[in-house]
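Written below as structure tokens is the structure these notes are about.
The values are calculated or read from the model by the stated rules, or taken from the named source; none is laboratory data. Model, not experiment: these values are computed from the prediction. So basically every Cβ, Gly included, is an ideal-geometry build from the backbone, and we count neighbours across all protein chains shown.
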Amino acid sequence: MRWPMRPPPPRATEPMSVYTPIETRNALPRWAVGLTVLVFLVGGVYFAGNLSGENPPIIGGPSPSAGGGGPAVAQAIIDQAGCQSCHGPDLAGQGTFPSLHGVKDGPVSENLQQLYAEHPDDWANLWIAGTDPAVAGLDRGGMPVFDETLTPEQIDTVVEYLKTLP
Amino acid sequence: MAVNPKKLRPYDEPPRGRRSLIPQAPDSGATAFLVVAALWLLVTAGLGAAWIGGLLFPAQLTFRFEIPLPIFGAFPIDISPGTDGAAFANALVYGWLSNAALGAILFITPRISGVRLVGERTAFLAMLAWNLAVAGGLSSVYMPRIAQVGRLAEFALPFDGLMLLGLLMVNVVFWRTVLAARRLPFVSIWFFGIALLAVMGFYALAAAATAGAQVISLDETLVALVVGFAARAIETYWVLGVALGTLYYVVPRATGNPLASAAMGMLAWLLWAGLSGISALGALVDTSVPFWVTMLGNVGTLLLVTPVFLSVATLALTIQGRWTLVLSAGTIAFAVVSMAFLLAASLLEAIGSLRTVQGLVRGTEWPLGAWLFGTLGTATFASFAIVDHAAPRLLRRDWRGSVLTDAQLWAGFAGATMTGMALMAAGLAHGSLLRQAASPDEITNTLRWFLIVAGGGMSLVALGSAALLGTLFLMYTTARKASYAVADATAAAAGH
């Protein structure tokens, strides 16, 4: 096929840019058309059957009554602090990093049980901040110290939000 | 007057031509992109191994410290599994795959459009801009103060600008070449055209969103949704599109057979171009997005199986009669492995987009495993195929392969398969354990075994990448010089 309106440009002189056509056959098999139509029909039926529903929030689970700055602020702080990079996009854990769901029932890691027993109300705040003597001897397992990057109020907002996750 | 060359003195010799700092010889851009790509693959595999190692031993492989800088003050550095993971994904997509893709585009376009690449210097400058940006961007991922948030959008803003400049330059070179073409372009060019425009557009969209979050305090959720949408679109339009375009070129070239059906190729192109954008809607998962929009995106992902299947069928029919080429490591073996991964990855993506499956694997390692099948599998092997085909022609060497090519094929294949399957299996196990309300310690202990296998796979990928570099080095230093200059009529037969 040629483009009719364009005059042919000068031939390439360099050996590496010569025109080397790939021969093609043009037939479109019937089965290809049939397969395409069939897959689209299946897709259409699947779409029509799954129109109702509701998306989950972009991270975490339901958060109807998070205290402090509210869930949106908490999510922004979590975004900024990069919690998802270790604890997963849903904060449901990944690899050896534990899930942050169920924080309201206490810590999930063995090494935090003692801290929980001694500070049942604010163990999570102490753990996240990471500078209190109560957490000084604990193996942080890669968990950063957030005392300098987050204010106590921000940590409180995040903890309140985490407590709303199922 | 005849001159006796024996009597020539040194000052009689004609002056040697000066080499320009920015080369403009044919294929210098393509050569540079492909060689740099091979280096990036080794870096990528190293980052991948560091990431999985960090997930296994977080306490030992997490480093946080501050560098005192004269102007900025104490500058925090964060080397952790989180930043390693982000660096790995970006190095894979923007370092290895994008360099290989841009090299492939610059190699293939003049050969099937019939004109020399318009703007060889611009292409080389684009390579410099792109790789400076990727190197700087990857460094910035480890600097929490300047790194951005969002998948495949973590680079600091100045590096985004440099990357977009590189993409713009390649786009200009590509479109000027195509518009000067003598003939209606081959199907690969159609894939490359859409892919190049899409990657520039969607990368700019993500960069604008993250800049908006900083400058005018755009809503965080909106920014996260836009960045997620752009990342998915870059994967389908850019990573998948260039892989398809490359396979459509290398398979008929390396077999010497005509493309079995250009019409089927164009149908696949049309479906891919339409469905890739729709598929990206599936990344819009939030309460603020109507459910049917997300579901439409999931259906788009489901339907993407069609162009993939049509392409694989066309290419398989093209290989007909030359299947023995698969038995030795080389271009066709790489292409066939890529086609197998392509089929597997599209089916896995389709399964992962089903509502019931999403309920089980959302937030687990499954999507990552399926993603690695597409990137470390499909796109990586398509790039291996074009490098294997193009490198002797670009370096002008007579090269018949070596045991290193076998090592590259098998280590790469085993590595990508192990890593992808281990992470997908980890995702299924993770999802099941969450449903059974297993304790986090139990989940962690179970996942550890899958991560060990994934780490082994990543090490094999590193081995494969070292074999690729070794091949290029040996080809350039030990192989006999050869000219691949061919005349029009005999070019196809020569497998140029």
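Here are the numbers:
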read-out	value
Qualifying residue in segment B:427-443 (condition: assigned to a helix (DSSP H, G or I), under 27 Å from the mean Cα position of the chain (by Cα) and within 9 Å of chain A (Cβ to nearest Cβ))	no
Near pairs, Cβ below 6 angstrom, 6+ apart or cross-chain, from segment B:328-346 (over 14 Å from B:THR314 (Cβ atoms)) to any residue that is outside any helix (DSSP H, G or I) and at pLDDT below 95	B:GLY330/B:GLY401
Residue match in segment B:90-113 (condition: at pLDDT below 95, in contact with a Lys or Arg (Cβ under 8 Å, 6 or more places away or on another chain) and not in a helix (DSSP H, G or I))	no
Positions within segment B:402-437 being small (Gly, Ala, Ser) and out of contact with any helix residue (DSSP H, G or I) (no Cβ under 8 Å at 6 or more places or on another chain), in sequence order	B:ALA437
Qualifying residue in segment B:211-222 (condition: surrounded by fewer than 23 Cβ atoms within 10 Å (Cβ to Cβ), more than 12 Å from chain A (Cβ to nearest Cβ) and in a loop (DSSP other than H, G, I, E, B))	yes
Selection count, segment B:125-167, where residues are assigned to a loop (DSSP other than H, G, I, E, B), more than 14 Å from every other protein chain (Cβ to nearest Cβ) and buried (at least 24 other Cβ atoms within 10 Å of the Cβ)	1
Members of segment B:398-423 found to be crowded, with 24+ Cβ neighbours inside 10 Å and closer than 30 Å to A:HIS87 by Cβ, listed by number	B:GLY415, B:ALA416, B:THR419, B:GLY420, B:ALA422, B:LEU423
Residue within segment B:258-275 that is outside any helix (DSSP H, G or I), more than 26 Å from A:VAL39 (Cα to Cα) and touching a residue at least 60 places away in the same chain (Cβ under 8 Å) present	yes
Condition broken by B:VAL285, with the remaining ones in (1) under 18 Å from B:VAL305 (Cα atoms); (2) of a type outside the set (Gly, Ala, Ser); (3) outside any helix (DSSP H, G or I) satisfied	(1)
Selection status of B:TYR249, within 8 Å of chain A (Cβ to nearest Cβ) and among the aromatic types (Phe, Trp, Tyr)	yes
Filter result for B:THR301 (farther than 24 Å from B:VAL387 by Cα and in contact with an Asp or Glu (Cβ under 7 Å, 6 or more places away or on another chain))	yes
When residues of segment B:16-51 are limited to those that are part of a loop (DSSP other than H, G, I, E, B) and away from chain A (no Cβ under 14 Å), the one farthest from A:GLY88 (Cα to Cα)	B:ARG16
Given (1) within 14 Å of chain A (Cβ to nearest Cβ); (2) in a helix (DSSP H, G or I), index of the condition B:TRP175 fails	(1)
Single condition B:PRO252 does not satisfy, out of (1) closer than 22 Å to B:ALA89 by Cβ; (2) crowded, with 18+ Cβ neighbours inside 10 Å; (3) not hydrophobic (A, V, I, L, M, F, W, C)	(1)
Contacts under 7 angstrom Cβ, first residue in segment B:279-291 being touching a residue at least 24 places away in the same chain (Cβ under 8 Å) and facing chain A (nearest Cβ under 7 Å), partner aliphatic (A, V, I, L, M) and in a loop (DSSP other than H, G, I, E, B), 6 or more apart	B:VAL285/A:ILE58; B:ASP286/A:ILE58
Residues being at pLDDT 60 or above, under 29 Å from B:THR356 (Cβ atoms) and surrounded by fewer than 16 Cβ atoms within 10 Å (Cβ to Cβ) - total across segment A:53-94	2
Matching residues in segment B:56-90 - criterion: being in contact (Cβ under 8 Å) with a residue 40 or more places away in the chain and within 24 Å of the chain's Cα centre (by Cα)	B:THR83, B:ALA86, B:ALA87, B:PHE88, B:ALA89, B:ASN90
Test: B:THR122 is over 30 Å from B:LEU240 (Cα atoms) and surrounded by fewer than 24 Cβ atoms within 10 Å (Cβ to Cβ)	no
Segment B:444-486, residues that are within 25 Å of B:GLY330 (Cβ to Cβ), free of Cβ contacts under 8 Å to residues at least 40 places away in the same chain and assigned to a helix (DSSP H, G or I)	B:PHE473, B:THR477, B:THR478
Output for segment B:52-83, where each listed residue is at the interface with chain A (Cβ under 9 Å from one of its Cβ atoms) and touching a Phe, Trp or Tyr at 6+ places or on another chain (Cβ under 8 Å)	B:LEU55, B:PRO58, B:PRO76, B:ASP78, B:SER80, B:PRO81, B:THR83
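So that you can scan it fast, the table gives a plain yes or no per residue for (1) buried (at least 20 other Cβ atoms within 10 Å of the Cβ); (2) modelled with pLDDT under 80; (3) not aromatic (Phe, Trp, Tyr):
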residue	(1), (2), (3)
B:VAL3	no, yes, yes
B:LYS6	no, yes, yes
B:ILE52	yes, no, yes
B:LEU55	yes, no, yes
B:PRO58	yes, yes, yes
